[in-house]
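See structure below.
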């Protein structure tokens, strides 16, 4: 685990956190934290405390959507479709990188290339602390769930 000399993508997330007035610290691990289970094992928390960032694409308008879901939950795509008013799809890795500036497995809740409509899993709010990806498949940061709203400008929803 390293707190200094962050990779460029992790440093972008650290800078975005500071720019928004948050003192959270990005940490990088030697092992991957790409999946919720890997991240939970690395930081020593439950899978539910992992805030996984999932990017979807609306099928008609091509808009990116970011869903920050508890690692224990699977996003109900029908519920998301009904919420946004059009069918959604899972985009390819190029779309995710183009819209967020980050690769799949490292997409953080903030610091994206483009503004994203963001939805936050209400189940994350039950925890005292949660962990989110921080720009690479082995970088994370710990935060208070209530800070996801001001951090992302997102809206809390039921994702399951």
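Please treat every number below as a calculation from the coordinates, not as lab data. Remember, predicted model here, so these are calculated numbers, not experimental data. Positions of Cβ are generated from backbone atoms using ideal geometry, with glycine treated the same way; all protein chains shown enter the neighbour counts.
Details
- Within the chain, percent of DSSP bridges classed antiparallel, to nearest 5: 65
- For the pair residue 37 and residue 74, the difference between a 0.36 nm per residue extended length and the Cα-Cα distance amounts to 12.0 nm.
- Compared with the direct C-alpha span, the chain from residue 92 to residue 156 gains 20.5 nm at full extension, assuming 0.36 nm per residue.
- Helix-only mean residue ellipticity at 222 nm for the chain, each DSSP H run of n ≥ 4 adding -39500 (n - 2.57), per residue, nearest 500: -7000 deg cm²/dmol
- Packing-based ranking of 21-28, 134-141, 58-65 yields 134-141, 21-28, 58-65, ordered from highest to lowest mean Cβ neighbour count within 10 Å.
- Computed extension gain for residue 20 through residue 147, at 0.36 nm per residue and net of the alpha carbon distance, reaches 44.6 nm.
- Where only C-alpha atoms are counted, convex hull volume of the chain per residue in Å³: 97
- Two-site label geometry, residue 125 and residue 82: point separation in nm, points 7 Å out along Cα→Cβ: 1.9
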